[in-house]
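Presented below is the structure to which this report refers.
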Amino acid sequence: MTDPAALCLACNFCCDGTLFDFAEVPEGESLHPALRQGAKGGKPGFHQPCPCSDTTGCLIYASRPGVCRDFRCVTLDAFAQSRITFSHALQRVEGLRRLANEARALAGGESIADCARALQGLSAEQAATPEGRRLALVLAAIQRTTSLHFGAAAADTSPARHTTQR
Ligand code: SF4
Ligand code: SF4
């Protein structure tokens, strides 16, 4: 059986701004200096896309924040418990990646949250163009796919991360 870590390495949505644009951490947790630390809604955390994310994985793996250690999405959970195959899990990942790439190309955002903000900032005239309508459709599809397949698994107890649509 393939190691669940291989799925996260192939996916990387937890780190690249697809699912989250900000990860909350508990008050007082010390964070690696390479992270883009900040605050949102009065809560401390770090911004995403994460500068510590690399094609080889997390560059600060041994000292990554607790939220990164603890988060487990529905798809990773299903694969780890052999309810879906690795190839099925990868299909889900590739489906969301296609949508996320299209949203970034249309909106020019780094994170999907940036793309959603770009959509909100369009004038009525811009939103009615083929590109504006397509962006709205793609972001809606991302929201559906994310809530179906990439939300926190029931057992996950990590603090909330802010996503595009929340
Ligand atoms: S979204 Fe799921 S599969 Fe992807 S990196 Fe995060 S926990 Fe792993
Ligand atoms: S610290 Fe590592 S695991 Fe956490 S978001 Fe950044 S790259 Fe991902």
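The values are calculated or read from the model by the stated rules, or taken from the named source; none is laboratory data. Bear in mind that the values here come from a model prediction, so they are computed numbers and not experimental data. Glycine also receives a Cβ, built like all others from the backbone with ideal geometry; neighbour counts cover every protein chain displayed.
Computed quantities for the displayed model
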read-out	value
Failed criterion for residue 116 (all others in (1) closer than 30 Å to residue 27 by Cβ; (2) within 16 Å of ligand 2 (Cβ to nearest atom); (3) not acidic (Asp, Glu) hold)	(2)
Total residues in segment 25-64, condition within 16 Å of ligand 1 (Cβ to nearest atom), touching a strand residue (DSSP E or B) at 6+ places or on another chain (Cβ under 7 Å) and not hydrophobic (A, V, I, L, M, F, W, C)	2
Among (1) within 17 Å of the chain's Cα centre (by Cα); (2) farther than 20 Å from residue 7 by Cβ, the one test that residue 43 misses	(1)
Some residue of segment 116-138 being closer than 22 Å to residue 2 by Cα, over 16 Å from the mean Cα position of the chain (by Cα) and loosely packed, with under 13 Cβ neighbours inside 10 Å	no
Hits in segment 40-52 - residues which are of a type in the set (Gly, Ala, Ser) and at pLDDT below 95	41, 42
Filter pass, residue 21 being over 17 Å from residue 93 (Cα atoms), touching a helix residue (DSSP H, G or I) at 6+ places or on another chain (Cβ under 9 Å), among the acidic types (Asp, Glu) and within 14 Å of ligand 2 (Cβ to nearest atom)	yes
Check on residue 107, hydrophobic (A, V, I, L, M, F, W, C), away from ligand 2 (no atom under 16 Å from the Cβ), surrounded by 15 or more Cβ atoms within 10 Å (Cβ to Cβ) and closer than 24 Å to residue 120 by Cα	yes
Tabulated pairs, segment 1-30, first touching a residue at least 60 places away in the same chain (Cβ under 8 Å), second loosely packed, with under 13 Cβ neighbours inside 10 Å and not in a helix (DSSP H, G or I), C-beta under 6 angstrom, 6+ apart or interchain	none
In segment 55-87, the residues that are surrounded by 17 or more Cβ atoms within 10 Å (Cβ to Cβ) and charged (D, E, K, R)	64, 72, 77
Candidate set from segment 46-68 (those that are within 8 Å of ligand 2 (Cβ to nearest atom), under 26 Å from residue 91 (Cβ atoms) and touching a residue at least 24 places away in the same chain (Cβ under 8 Å)); member that is nearest to the chain's Cα centre (by Cα)	48
Condition met for residue 134 (assigned to a helix (DSSP H, G or I), modelled with pLDDT of 95 or more, charged (D, E, K, R) and more than 22 Å from residue 22 (Cβ to Cβ))	yes
Strands (runs of 3 or more DSSP E) enclosed by segment 2-86 - at least 2 residues per element that are closer than 23 Å to residue 151 by Cβ	22-24, 43-47
